[in-house]
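Right, one structure below, let's go through it.
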Amino acid sequence: MLSRLPLRYKHHLITAAIVTGTVASGYVFFWIGSMIKRWNNRQPTLLHEEMDDFLYWKELQEKKQRQRVV
């Protein structure tokens, strides 16, 4: 298909394809980076919730032990 086009159009199409591919890949890298940034920013809250669950479980164990002793 490209061989039928005049030379000046062929070069324009190739350049447009390269520019479009570069811009699209840049956008994808930016999108992936923003997702990783969101995951890293969300991590402390998940760790905090996990620690709260752990402390709650420990308190339940202590209550059960106190009930057994009495």
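Modelled spin-label separation between ARG38 and GLN61, with each label point placed 7 Å from Cα along the Cα-to-Cβ direction: 3.6 nm. Once a ≥ b ≥ c are taken as the square roots of the eigenvalues of the Cα gyration tensor of the chain, is the result rounded (a/c under 1.5), prolate (a/b larger than b/c) or oblate (a/b not larger than b/c)? Prolate shape, in that a/c is at least 1.5 and a/b is the bigger ratio.
For the chain, the longest principal axis of the C-alpha atoms and the axis of helix 7-69 are separated by about 0°. Separation of segment 44-69 from segment 1-32 is 58 Å, based on Cα centroids.
Bear in mind these aren't lab numbers, they're just calculated from the coordinates by the rules spelled out. Predicted, not measured: the structure shown is a model, and the values here were computed from it. We place every Cβ from the backbone using ideal geometry, glycine too, and count neighbours over all the protein chains shown.
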